[in-house]
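Read through the structure below, which is laid out as structure tokens, and then see the notes.
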Amino acid sequence: MASIHSSKTRPFASHHTVTPCTRTHQIGALALVIITFFLTRIFDQSLNSSSFSTPTSGQYRSKNDVVRFSDSGGSIFWPQRGYGTHLSLKIYVYDENEIDGLKHLLYGRDGKISPDSCVKGQWGTQVKIHRMLLQSRFRTRKKEEADLFFVPAYPKCVRVMGGLNDKEINQTYVKVLSQMPYFRLSGGRNHIFVFPSGAGAHLFKSWATYLNRSIILTPEGDRTDKRDTSAFNTWKDIIIPGNIDDGMTTHGSRIVEPLPLSKRKHLANYLGRAQGKVGRLRLIELSKQYPDKLECPELKFSGPDKLGRKEYFEHLRNAKFCLAPRGESSWTLRFYESFFVECVPVILSDQAELPFQNVIDYSQISIKWPSTHIGTELLDYLESIPDKDIEEMIARGQKIRCLFAYTPESDSCSAFNAIMWELQRKVRQFHQSSETFWLHNRTIVNRNLVEFSKWKPPMPLP
């Protein structure tokens, strides 16, 4: 009987002599692995097209750093896991002329609303992000190669200025969406919408039906005070900073400059209207009891006593702590403004959501205090904090405040570039919806087996 190791039972066995693996071979193989590793790291770093980067081991500094900075001094790191090693996005921006009705969401039914009017104030992000994307290196003019699609609209401005009412806004959005084949293809998963106010996506009354899968950029992470549900979903949406006055975020001369702590008149301040909100009313009453510690002037928005831009920031900079209580919604622009007058923000809004939490440790640059404990206990606590600790918090805030400024894309640290990093995390290789199907040859079809290239608007929405 032949051996089971016989060559007859091994038709692919080699007839050549095998050279044994020696220690020299092992050392050579190990050296090759090490060289390949370092060359790969160098190549990856050369691909990094933004000053925002992801850290390699050894580049992390003390856990006391509010963000991860490189040892060479200053780049803010986005974590590599989930984000990638460099920004590589392609975003298609819908043109106002290619979709019937889109102009109405930008300029109102009569086309008389100017974007220059919409770019001012805390809701200006709806215009700024649009304008930046139009000029961005991440913009593509080819839909077929786009990772994401941006739908430009200024709904808050159009509504406030009387360009469209709530019913018209709702109808116009539905009309616009029905003309977008790529929205239909993905069920809206790769489409971006900006809703810049505390109302969030509720500006579009039917958002829950049509935008429940889309990416929403908004400063508002909670809207449960007047409605039963929040339009913000932490798994798909992105919290963005509000729009701070450009005169405070410029690299040159600002509207006002910060004061030394020793020259500040008040321990804390709150600059805003009461609006009948419990937390704000408590602060106003508290300021009457302790006027030397807490300043709460009654803001006028018209008439001879109206507080101008410069006067507003002069008041804001004159305290060590800037209080940010809840108003009509949970977010407040004062939180972001405080970093530019260099007072420590104190969040008095329990449901507030903050942006870019993967890179910012807010416990090192701000204070969050329970809104149920607004009273003398709060003032006593703030008064107990040594100036040295306050100055350290302010210094850490100076490092990251660039992430709250909508400065040009060329500024490596900016709100726009931070939003691009967050959007990159949302990119998918493949998109589907309950109304899209595919065949063996990768052809995408609808429920009636019509190929994607032949889909004609208006289309039923997913």
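State whether the residues of the stretch 344-366 include one that is touching a residue at least 12 places away in the same chain (Cβ under 8 Å), more than 27 Å from the chain's Cα centre (by Cα) and at negative phi. No: the stretch 344-366 contains no residue that is touching a residue at least 12 places away in the same chain (Cβ under 8 Å), more than 27 Å from the chain's Cα centre (by Cα) and at negative phi.
Residue by residue, here is whether (1) in a loop (DSSP other than H, G, I, E, B); (2) at pLDDT 90 or above; (3) buried (at least 18 other Cβ atoms within 10 Å of the Cβ); (4) basic (K, R) holds:
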site	(1), (2), (3), (4)
L286	no, yes, yes, no
D292	yes, yes, no, no
E298	yes, no, no, no
G303	yes, no, no, no
K306	yes, no, no, yes
H315	no, yes, yes, no
F321	no, yes, yes, no
A324	no, yes, yes, no
F335	no, yes, yes, no
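With open to solvent by 10 Å² or more (accessible area, probe 1.4 Å) and part of a helix (DSSP H, G or I) as the only criterion, which of R273, R282 stands out? Just one listed residue meets the conditions, R282. Exactly one residue among N243, N233 is under 28 Å from G82 (Cβ atoms) and in contact (Cβ under 8 Å) with a residue 40 or more places away in the chain, and that residue is N243. Elements of the type helices (runs of 4 or more DSSP H) sitting completely within the stretch 344-462 and holding at least 3 residues that are open to solvent by 30 Å² or more (accessible area, probe 1.4 Å): these cover 376-384, 387-400. Looking across the stretch 272-292, just one residue is of a type in the set (A, V, I, L, M, F, W, C) and in contact with a Lys or Arg (Cβ under 7 Å, 6 or more places away or on another chain), and that is A274.
When we screen G200, G163, G188 for residues that are in contact (Cβ under 8 Å) with a residue 12 or more places away in the chain and under 26 Å from L403 (Cβ atoms), the only hit is G200.
Here is a yes/no grid of residues against (1) more than 20 Å from the chain's Cα centre (by Cα); (2) part of a strand (DSSP E or B); (3) under 24 Å from M420 (Cα atoms):
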| residue | (1), (2), (3) |
| --- | --- |
| R137 | no, no, yes |
| A153 | no, no, yes |
| V158 | yes, no, no |
| I169 | yes, no, no |
| V174 | yes, no, no |
| F183 | yes, no, yes |
| I192 | no, yes, yes |
| L217 | no, yes, yes |
| I244 | no, no, yes |
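Is there a residue being open to solvent by 40 Å² or more (accessible area, probe 1.4 Å), of a type in the set (S, T, Y) and under 19 Å from M459 (Cα atoms) anywhere in the stretch 161-178? No, there is no match, as no residue in the stretch 161-178 is open to solvent by 40 Å² or more (accessible area, probe 1.4 Å), of a type in the set (S, T, Y) and under 19 Å from M459 (Cα atoms).
Mind checking whether some residue in the stretch 125-134 is within 22 Å of R401 (Cα to Cα) and touching a Ser or Thr at 6+ places or on another chain (Cβ under 8 Å)? No, the stretch 125-134 has no match at all. The C-beta contact set for the stretch 131-145 (first residue closer than 9 Å to V93 by Cα, second residue β-branched (V, I, T), distance under 7 angstrom, 6+ apart or interchain) comprises L133/I91; L133/V93; L134/V93; R139/I91; R139/V93; T140/I91.
What number of residues within the stretch 227-242 satisfy the criterion of being part of a loop (DSSP other than H, G, I, E, B), buried (at least 19 other Cβ atoms within 10 Å of the Cβ) and touching a helix residue (DSSP H, G or I) at 6+ places or on another chain (Cβ under 8 Å)? Summing the residues that are part of a loop (DSSP other than H, G, I, E, B), buried (at least 19 other Cβ atoms within 10 Å of the Cβ) and touching a helix residue (DSSP H, G or I) at 6+ places or on another chain (Cβ under 8 Å) in the stretch 227-242 gives 6.
When residues in the stretch 425-445 are screened for being of a type outside the set (S, T, Y) and touching a residue at least 12 places away in the same chain (Cβ under 8 Å), 9 of them pass. All conditions but one from (1) in contact with a Ser or Thr (Cβ under 6 Å, 6 or more places away or on another chain); (2) not in a loop (DSSP other than H, G, I, E, B) apply to T209; the one that does not is (1). Got a number for residues in the stretch 82-133 being open to solvent by less than 60 Å² (accessible area, probe 1.4 Å) and under 19 Å from the mean Cα position of the chain (by Cα)? Selection size over the stretch 82-133: 21. The set of residues in the stretch 261-270 that are part of a loop (DSSP other than H, G, I, E, B) and either closer than 15 Å to L348 by Cα or open to solvent by less than 20 Å² (accessible area, probe 1.4 Å) (or both) contains only Y270.
For (1) out of contact with any strand residue (DSSP E or B) (no Cβ under 8 Å at 6 or more places or on another chain); (2) without any contact (Cβ under 8 Å) to a residue 24 or more places away in the chain, each residue gets a yes or a no:
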position	(1), (2)
H266	no, no
N269	no, no
C296	no, no
E311	yes, yes
F321	no, no
R326	no, no
S330	yes, no
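Here S412 meets each of (1) under 30 Å from L185 (Cβ atoms); (2) at pLDDT below 95 with one exception, condition (1). Go through the residues of the stretch 183-203 one by one and say whether even a single one is open to solvent by 10 Å² or more (accessible area, probe 1.4 Å), of a type in the set (S, T, Y) and modelled with pLDDT of 90 or more. No, the stretch 183-203 contains no residue that is open to solvent by 10 Å² or more (accessible area, probe 1.4 Å), of a type in the set (S, T, Y) and modelled with pLDDT of 90 or more.
The values are calculated or read from the model by the stated rules, or taken from the named source; none is laboratory data. Bear in mind the structure is a predicted one, so any value in this text is a computation, not a measurement. Note that we place each Cβ from the backbone using ideal geometry, even for glycine, and neighbour counts take in every protein chain shown. Heads up: the accessible areas ignore ligands, DNA and RNA and are worked out on the full protein's heavy atoms, side chains in. Shrake-Rupley method; radii C 1.70, N 1.55, O 1.52, S 1.80 Å.
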